[in-house]
Amino acid sequence: MPQIDRRDFLKLVGTSAGAVAATGCSDHVTNLIPYVVQPEEITPGIPVYYASTCQECPAGCGIHVKTREGKPILVEGNPDHPVNRGALCARGQATIGRTFQPDRFRGPQVRNEEGELVPVTWDAAIGQLAKAVGERPKGTHFLGSHPGETAAKVMDRLATSIGASRTVFEPFSDEGLRAATSEVFGVEGTPVFDLTDADLVIDFGSELLDTGLSATEHKRQLADARDVEQHIDGGARLVYVGSRLSLTASSSDEWLPAKPGSEGQLALAIARVAIESGNDQSLLNLVSGVSVSEAAQSSDIPAETIERLGRAVARGKKVVALPPGPAVTSRRAVGANAAVLILNAVAGSIGSGVRILPDQSESTKSSYKDALALIRQMNDGAVSVLFVHGSNPVFSMPEASGFAEALSKVPVVVCTSSSPDETTAYASIILPDHSPLESWGDLLPRAGMRSLIQPSIQPLYDTRALGDTVIGLGRALGGTTADSMPEGDFRAALERSWSDVDLRRAKAEGGVFEKLPAGEAPVVASAIDATVPMLSGEGKYTLVAFPHSHFYDGRGAALPWLQEIPDPITSVAWQSWAEISLKTADDLGVEIGDVISIETSAGSLEVSVYPRGGIRDDVVAVPIGQGHTEGHWASKACDGMPGQVRGVNVIDALSPGVDEKGGRAWLTDHASLAATGKTRRLPMLQWSDNKRGRQLGEVVSLSALASAAHGDHGEDHGDHGAKTDDHSSSGGHHEIHEPYDAGDDAVDDSPYRWGMTVDLDKCDGCSACIQACYVENNIPVVGEVETLRVRQMPWLRLNRFVGEGQADLPLGRTHPQANGEKLGDTDVRNVPMFCQQCGSAPCEPVCPVIATYTNEEGLNAMVYNRCIGTRYCANNCPYKVRRFNFYDNQLTKWPEPMHLMLNPDVTVRGQGVMEKCTFCVQRIQAARQTAKDEDRLIAEGDVQTACQRACGSDAIGFGNVRDHESAFYKKFTNKKRGYHALHVLNTRPAVTYLSKVIRGKVEA
Amino acid sequence: MTPPPATPIANPEPLSPEQDSKINRDILAVMSKPTLGYWMCLGTALFLMHLAGAIWVYQVYIGLGIGGYTHPLFWGAYIVTFVFWVGIAHAGTLISAILYLFRAKWRNAINRGAEAMTVFAVLTAAQFLGIHVGRMWKSYFILPYPNQRGLWVNFKSPLMWDTFAISTYATISIVFFYIGLIPDLAIARDRAKGWRKFLYTAMALGWQGTSIQWKSHSRSVLHLSGLATPLVLSVHSVVSWDFAASIVPGWHATIFAPYFVAGAIFSGFAMVLTVLIPVRRIYGLEAYITNYHFDNMCRFILLTSIIVSYAYATEYFIAWYSGVEFEKTSFYLRAFGPYWISTWIMIICNGVIPQVFWSKRARTHIPTIFVVATFINIGMWFERYVIIITGLSREYDPAVWGIYIPSFAELGIVAGSFGFFCTLFLIFLKLFPVIAIAEVKELAIHEKAHAGVR
């Protein structure tokens, strides 16, 4: 046996221990390269913001892209922008994902003989395209969304030069509204609706709070007009007309569950009553075509209600009626839109609530008629090159229109999508565009507004701006076409077209904004035809295809968070569903998750049902947006099943209907339903909308609020109004403990105790806050399979309760239930639920390793490194706001290049670790640094949490509970409406919820 | 019958069986060459154990997601099975320590088996602490060791108490088991050859059977009994506080400590019966483990069954009487909600079936006892399942209620825990006397002296 002396032994022990320790290090650090030459504008650790414009919908909100060390990490609203004033909806924030799509095209591609896309150089791709265009220039056609002012000009210049044509295609265009504006006022343009200081808002299905004309703007205006702290009478009343309890309906004071398609008649009838009650008599001849009883019959709304609303319109100082949205855009959409405009005119709102403004630029508006004509041309072989940009027509044209079939007859299809979609599957040449955050561009969304789009990151891949692609094509064609192209590249062209303004300032502010003109216009129409539209097919039910609040026209389905964040109404994520009434479900013998077939004259669908009380018995509603076969997130590729469809595309079951002027109609079909006997469980996040009387989402009636204002009530449960009295025996929501001072729950010498307020009267459930939280805090997107197991990771979720709920004990069910809704009832409580940062937190004492503790400023800090994953804290949290990493989300949920957008200020959590909200503690730390530099304390407003910043209606407040002078403290200690969730448990939360105000039905 | 003379270690020749007493021969016969049936049992147990091991390795690699956990249900089959095995571990110490202190002589025939079971059950249970946590590679954080980072553990956490309770109990059980084993090891040593001789010689610590050694031995047993007795009550009390110290409706109850201790003794005795009945039958130990023993154990089971049933009733009464809606809902849904099957299995197996032991005939009819004991084992697993799962699935926020269904991976590891337990027990059968020879002899001598008096 060889002798081992002490030294050898120690060496061996040392080496082996070292080896063990080295292999134990699981964090791989690769290629940390510091700046060799420090860029002037970048200080590592300090974010740089770039102002730009959101292109996820036509509203044109201003955005700030937050970049760190040259990489965009977050998209926020631009506080100086006249449209959104710093807020931004979920879709707008999710636009960052387009830059970091895992399946983005890395460069130009050309389809070879085997039908596979192979990478080529830009010169080769443009050369091939130029050859095809050169052979038959007049057979070239451009199809796509509005590409921006300068790009459109460049494109038009090319098209004119070679004799090609161009069609603007936007699935959710406002063609009906524009046609109606032209008809009623003789003005070509989209009216701008302004709800500022309104006292009655009637939404005829525009879905003004989620997919409407300018949702973020309207949300803010409405919330201000309804603020009960400013308006003791409750402020503006919101009336919603529509067949289902949508997001907007859930926030309304009165919901008229009208038959879809009857909006025009209803609007005219209301206008007629208003005129008869004394409003502008000159318009009487326009509304005389409809009687109240006729409208009552066609809309299935009681005549008394119509009369009451008509009188309310007559009484109102500022009444704004919003036109039908896509879901109720029927074959008579122009008539319906005109009727709504007439109602506005009768109410005297033209020029204040409704601004009739002419278009700023030519040929930017979508034309469905031209798109349908294009299909005929393609079928006739008149199109040899189709250049598709910025849109996905194969997905968004109805199957019955024959677009896809016609497209396959086109010899050369060019696509500029930056990632695969249904249309690129038909493309022979792919010339990928930059993502929105890599692009230059400009828009003229409305009068007095000129918006700039500027990049915030160098293009990640070998992509090229659409404008440069077009210029390149023009130059490759040679001759006069090449001469007609602008000098230099697209950016140079853009800068030239902005040469009349201070571009540097425009870049800093996101554009040039002037005051919105009043937009007064006289009514020139002589008659309004608002007859009820005909629907195709036989079936018993009306098929309502409605825009999904996250997917819009389907483009949002490509973004991970918009798929992951559940629909605010049904809490379904990653899937399609069909909403039917409880009675319909009984008739069909189906329960939630059972698959039904929906047959129309144009096609059929098989989809899981979501029976609910809040939908008409004669309606089946399916959201638009799912059913993609391509795309990493849109199809099932992210669940490891490439090419698998996710959900159903309801557009394929619609007839290609048009309205009176050739605009696109969505409300076109009758449907017959049948149970299939199959079941496909819906991935849902919410178990039940029955609150069981527990203190989780409270309401207060306007009268109780008024009496509380006189000091009759302190913070006792009596002021929760008559609604709660019915269930006073159910326990749970009584404030049986003495009110505590949340300010106590921090160490004595700390100047801060952080707290939050959530105003449930302002929250409409749009989920923008959830989106902000996901991106700010590096929350992983887990996918459909894990969502089915309810293992999503949101730190902030939306509880949606209907009414006070029933505490009597129903038999247990093994699947979620959601049937507390009633037709016409709008007592919906949207409750954002996140860590309450309890002063006496149940999660803390149970952790054996002190991985969670109250820090000196009263936050429930979470030490990810210390957590061993016993999960006791999550069991003991009554609010259930803790989320556990069941898998290694850190490694698996951030596919290349998504890791580039991780927020460097927030740890990415690994396998087996618990995580939760800590009030954006990284933002508090950033504010602390600034305050320290300036030798002061953190002031109110220095810290804005991500959710607070995103909220369009300013429902979320954040501040220091120890700062008794602050406006936040006043809100936090609101005696009239404030309550703490599950106060009975005495967890001493640092979050005050302000009860939703029940304003009651609109008074005549 | 005289005790065999203590043989010096130096004696090179083992005793031949003919020279030996009947008790020695009978009991040591269990340790003879294994039969095919034994190998099959051991093979099955080893297979289950390794299957669970493989699943566990995969789980460590991929994450706890392979379990059936969902958002509101963060604990599942692992914790259920952990509590189950801790409960099983109770009968051994109860029989050895408490019945020893009460001088209940009938314990002598069964205490060795029960003690072995206790040790193995505690070892099985302890593994679940590692299996359950999300980052088992960091589970040493739970130990209060001095470190440069200045980190300390949270002594307020019931999981911390649990760690200490289980480790203390495991230590005491092993020491108790080993001390009791020493005289028998000496007997085995004197008859063994080859590696067994070496093993027993080392483990017998030079036992000679001298009166000084016997005196020390009985002193040790007495003192250890005194130490172990409070542990019997404390361990499962502490385990119950894992739940009772929380605020989860259905967990947060003051009755939990006595309720869990009674349940533990109940399940422990059932498991002793489940294990000993086949052993007795296969190895022909009817002369040592008699109807008298079974009768006594069944009486214990009957008593604890009644206590447990009373606890069930109390839980429901308090849920109703308190008027707290959270509790009422939780308990209502426990009985009539999605988990009603588990609840009724629990009530029938633990509350109803054991009532047959009111009959003396049932208490002495071995097949009946075996069947009832099996039902109790099932019922007690479901009791923990009902408490943990229904409690978590119906908490404060109805928007995030949920349903937990154990996954195959979890069930595999649960099955593997039985494999692990059986493996240890089967090896124990062949390695050590399953009945405490010395104590049975003591009893035999005692009986002889007071023939007919008992």
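No lab work stands behind these numbers, since they all come straight from the coordinates. Nothing here was measured: the structure is a model prediction, and the numbers come from that model. FYI the Cβ positions are ideal-geometry reconstructions off the backbone, even for glycines, and counts take in every protein chain you see.
Per-structure values
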{"quantity": "Sequence-separation-based contact order of chain B, relative, with Cα cut under 8 Å and 6+ spacing, percent", "calculated": "31 percent"}
{"quantity": "Residue exposure sequence - A:Met397, A:Met793 - by fewest surrounding Cβ within 10 Å", "calculated": "A:Met793, A:Met397"}
{"quantity": "Chain A: relative contact order as a whole-number percent, Cα under 8 Å and 6+ apart", "calculated": "15 percent"}
{"quantity": "Where GluC sites (Glu not before Pro) fall in DSSP loop in region B:265-349, at most 13 other Cβ within 10 Å", "calculated": "B:Glu286"}
{"quantity": "Label-to-label distance, nm, for residues given as A:Asp749 and B:Trp137 (7 Å Cα→Cβ offset)", "calculated": "4.1 nm"}
{"quantity": "Dipole in debye (nearest 20) - region A:175-355, about Cα centre, beta carbon charges: Lys, Arg +1; Asp, Glu -1", "calculated": "260 debye"}
{"quantity": "FRET efficiency, B:Ile307 to B:Ala287 (Cβ-Cβ, R0 35 Å, nearest 0.05)", "calculated": "0.60"}
{"quantity": "Modelled FRET efficiency - R0 22 Å, A:Ala373 with A:Glu188, Cβ distances, 0.05 increments", "calculated": "0.60"}
{"quantity": "Computed E for A:Val37/A:Ser707 - FRET, C-beta separation, R0 56 angstrom, nearest 0.05", "calculated": "0.25"}
{"quantity": "Extension reserve of the A:Ala425-A:Asp808 stretch, reckoned as 0.36 nm per residue once the Cα distance is removed", "calculated": "132.4 nm"}
{"quantity": "Whole-Hz couplings from phi, Karplus 6.51/-1.76/1.60, listed for region B:43-58; x for Gly and Pro", "calculated": "x, 4, 4, 5, 4, 4, 4, 6, 4, 4, x, 5, 4, 5, 4, 4"}
{"quantity": "Relative contact order computed over region A:541-679 (Cα-Cα under 8 Å; 6+ residues apart), in percent", "calculated": "33 percent"}
{"quantity": "Estimated 222 nm signal from helices in chain A, with DSSP H stretches of n ≥ 4 weighted -39500 (n - 2.57), rounded to 500", "calculated": "-7000 deg cm²/dmol"}
{"quantity": "Distance violations [Cα-Cα > 27 Å] among A:Lys970/B:Lys156; A:Lys138/A:Lys507; A:Lys219/A:Lys880; B:Lys215/B:Lys448; A:Lys661/A:Lys762; A:Lys507/A:Lys762", "calculated": "A:Lys970/B:Lys156; A:Lys138/A:Lys507; A:Lys219/A:Lys880; A:Lys661/A:Lys762; A:Lys507/A:Lys762"}
{"quantity": "Residue order, fewest to most surrounding Cβ atoms within 10 angstrom, among B:Phe243, B:Phe82", "calculated": "B:Phe243, B:Phe82"}
{"quantity": "Furthest towards positive pole of dipole, A:Tyr426, A:Tyr887, A:Ala602, structure part the protein assembly as shown, Cβ charges", "calculated": "A:Tyr887"}
{"quantity": "Rough spin-label spacing in nm, given labels placed 7 Å along Cα→Cβ, for A:Ser497 and A:Thr892", "calculated": "4.7 nm"}
{"quantity": "Candidate lysines for bridging to A:Lys540, where Cα separation is under 23 Å - those fewer than 8 sequence places away on the same chain excluded", "calculated": "A:Lys259, A:Lys583, A:Lys678, A:Lys822"}
{"quantity": "P(r) weight above 69 Å for the protein assembly as shown, C-alpha pairs, percent", "calculated": "19 percent"}
{"quantity": "Where a label projected 7 Å from the Cα of A:Glu135 along Cα→Cβ would reach, residues of region A:415-437 with amide N under 16 Å", "calculated": "A:428-429"}
{"quantity": "Helix axis angle, B:291-322 relative to chain B longest principal axis, alpha carbon, degrees", "calculated": "10 degrees"}
{"quantity": "Between helix B:437-449 and chain B: long-axis angle, C-alpha atoms, 0 to 90°, nearest 10", "calculated": "70 degrees"}
{"quantity": "For the protein assembly as shown, size of Cβ-based charge dipole, Lys and Arg +1, Asp and Glu -1, in debye", "calculated": "6440 debye"}
{"quantity": "Order of B:Trp161, A:Trp574 - criterion: other Cβ atoms within 10 Å of each residue's Cβ, fewest first", "calculated": "B:Trp161, A:Trp574"}
{"quantity": "Cα→Cβ-extended label distance, 7 Å offset, between B:Thr210 and A:Glu1003, nm", "calculated": "10.5 nm"}
{"quantity": "Added length on full extension, which subtracts the Cα-Cα distance from 0.36 nm per residue, B:Lys360 to B:Ile174", "calculated": "63.5 nm"}
{"quantity": "Extended-chain gain in nm, criterion 0.36 nm per residue less alpha-carbon gap, A:Lys583 and A:Ala482", "calculated": "29.9 nm"}
